[in-house]
Amino acid sequence: MKWFRRRSLRARLTGVSVAALAAGLVAGGLALIAVLNFALLRSINQDALATARAVADLVEQNALSDPIPATVGVQVQVVDAEDRVRAVSATADRLTPILYPDELKSLPNGRGTVIAGDRIGVDGAVRVVVVDARQGAETVHVLVARSTADVTAGIRLLRITLLVVFPLLVLVLTVVSWQVVGAALNPVEALRSGAEEITGGARSDRLPVPDSRDEIHRLAVTLNDMLRRLDASRARQRAFVADAAHELRSPLTTMRTELEVAQRLPDDTDWPALSADLLTDVERLSRLVDDLLLLARADDAATRPAVRFVSVDLSEVLAGVVSRYPSVTSSLPPSVVVTGDPDSLSRVVANLLDNAVRHSASSVTLTLSPDAVITVTDDGPGIPAADRERVFGRFTRLDDARARDAGGSGLGLAIVRELLRQHHGTITLGDASPGLRVEVRLPKS
């Protein structure tokens with residue numbers, strides 16, 4: 001079947017449809033011949049049986065004439081128990097019965113059989129029926145024979161006709177199917193050529209959508225949606241790479257400048273201070289690379305690390321994080337148990353506190369409710385309601401210069417949302433009058 005699979009889709013569909021239609025026509029033709037043959041033979045049998053019964057009635061009424069009246073092509077005999085012919089129709093043999101004695105004895109009353117026509121001088125097969133009649137005290141047999149040559153000739157003519165007509169009909173069906181399949185596949189070809197043009201950059205990144213509301217239409221809509229998402233993904237990737245390069249360039253430029261100055265003025269360089277500055281920049285680069293790696297893995301399901309879900313005392317985790325922020329005021333219940341990854345939850349709270357401390361005017365407060373709701377409040381400038389969804393984007397800053405000077409990379413809230421998504425949690429930003437109120441909800445164990 002390799003040769004079949006190598007053909008075009010149009011050729012394969014046409015071949016399959018024509019083969020199915022041809023098989024249906026052959027099956028229909030055979031069924032027609034069989035049904036017609038059965039119906040004609042049944043009609044012959046019924047006519048012969050009716051004639052035999054009519055003759056039997058004449059015998060019982062002692063009104064039988066000689067010769068027995070019969071239609072053309074029908075032979076009638078009246079045979080007694082001794083296998084002697086008592087009466088015949090005009091074309092029947094007066095000496096020899098139509099059926100042999102053993103055939104006559106084995107054939108029940110009102111039944112029939114088929115014999116060779118040359119036994120009674122006709123062509124083809126002959127249908128013979130037997131009906132018993134009473135002639136006084138004696139039982140006689142009425143035999144009626146009717147030739148089936150006309151039926152055989154008609155069936156043969158029908159077969160020849162079908163053998164001639166069927167190939168022509170299959171040829172017509174092949175041409176029609178080729179055209180119909182081609183018309184049905186035109187939208188697919190339009191999609192292919194559109195995709196080729198998109199790949200070659202000769203057109204916009206949208207495929208033509210057919211007017212029909214069928215599977216091809218839905219395929220085109222789905223492919224356009226996929227292309228739209230891919231385009232948006234490429235745009236986000238380009239922006240992500242550009243922003244990442246910009247963020248990496250800033251500390252690298254600072255480090256290079258400091259090292260170049262130190263090389264040119266080695267005697268005037270404060271090497272301990274320089275190493276401390278370089279260490280600060282390296283730490284910033286390390287945090288940025290870690291953040292980028294975390295988000296890149298979150299985007300790729302194949303490399304996304306599995307979250308280690310265990311029972312976690314959220315109060316203990318928050319207490320450990322708050323201890324690193326002396327200016328943060330906290331209110332924690334004795335114990336709130338949730339299911340999650342302790343390191344991921346620690347990073348969520350640390351990122352929120354980093355943002356709050358960086359932008360607060362004087363105070364930052366962290367609270368935890370028994371329902372596993374973490375609230376971080378600061379008295380800073382807050383975030384306008386129109387920007388509260390945008391700040392979760394990567395490298396998003398409402399004030400680029402201020403955020404960069406403060407050490408933020410614009411990835412903190414994006415990481416928070418990703419980690420909370422893995423924990424089936426939510427984050428909401430609101431007003432603290434003044435300042436910002438961040439509320440994190442986690443499902444309890």
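The residue list A90, L185, L168 was ranked by how far each Cα lies along the charge dipole of the chain toward its positive end, using unit charges on Cβ atoms, and A90 comes out on top.
With a Förster radius of 60 Å applied to the beta-carbon distance between T280 and A11, the computed FRET efficiency rounds to 0.30. The convex hull built on the alpha-carbon positions of the chain has an orientation-averaged projected area of 46.8 nm². Principal axis analysis of the Cα atoms in segment 59-214 yields extents of 106, 28, 27 Å, listed in decreasing size. Per-residue ellipticity at 222 nm computed for the chain from its helices equals -19000 deg cm²/dmol, with DSSP H segments shorter than 4 residues left out and the rest contributing -39,500 (n - 2.57). Taking Lys and Arg as +1 and Asp and Glu as -1, the other residues whose beta-carbon sits under 11 Å from that of R86 total -3. With respect to the chain, whose longest principal axis is taken over its alpha-carbon atoms, helix 9-60 is tilted by about 30°. Directionally averaged projected area (segment 215-299, Cα convex hull): 6.9 nm². Take 351-363, 273-285, 141-153 and order them by the average number of nearby Cβ atoms within 10 Å per residue, most first; the result is 141-153, 351-363, 273-285.
Extension gain for L168 to D268 (0.36 nm times residue separation, less C-alpha to C-alpha distance): 25.7 nm. Here the contact order of segment 16-118, divided by its residue count and restricted to Cα pairs under 8 Å and six or more residues apart, works out to 15 percent. Entry for segment 106-192 at q = 0.13, 0.18, 0.23, 0.25 Å⁻¹: log10 I(q)/I(0) = -0.67, -0.89, -1.06, -1.12, Debye formula applied to identical alpha-carbon scatterers, no solvent contribution. Using θ = phi - 60° in the Karplus curve 6.51 cos²θ - 1.76 cosθ + 1.60, the 3J(HN,Hα) couplings for segment 315-320 round to 4, 5, 5, 5, 5, x Hz; x is entered for Gly and Pro. Under the simplified labelling scheme, the V221-D57 pair shows an inter-label distance of 7.4 nm, with each label point 7 Å from Cα along Cα→Cβ.
Once the Cα-Cα distance is subtracted from the 0.36 nm per residue extended length, the R159 to S193 segment shows a gain of 7.4 nm. Each Lys and Arg Cβ is given +1 and each Asp and Glu Cβ -1; about its Cα centre, the chain then shows a dipole of about 1220 debye. The angle separating the long axis of helix 271-299 from the principal Cα axis of greatest extent in the chain is about 20 degrees. Against the empirical 2.2 N^0.38 Å (N residues), segment 310-441 has a Cα radius of gyration ratio of 0.99. Net charge of the neighbourhood of V317, taken over other residues with C-beta under 12 Å away and scored Lys/Arg +1, Asp/Glu -1, is -3.
No value in this document is a laboratory result; all are computed from the given coordinates. Since we're looking at a predicted model, the values are computed, not measured. Glycine gets a Cβ as well: all are built from the backbone with ideal geometry, and neighbour counts include every protein chain shown.
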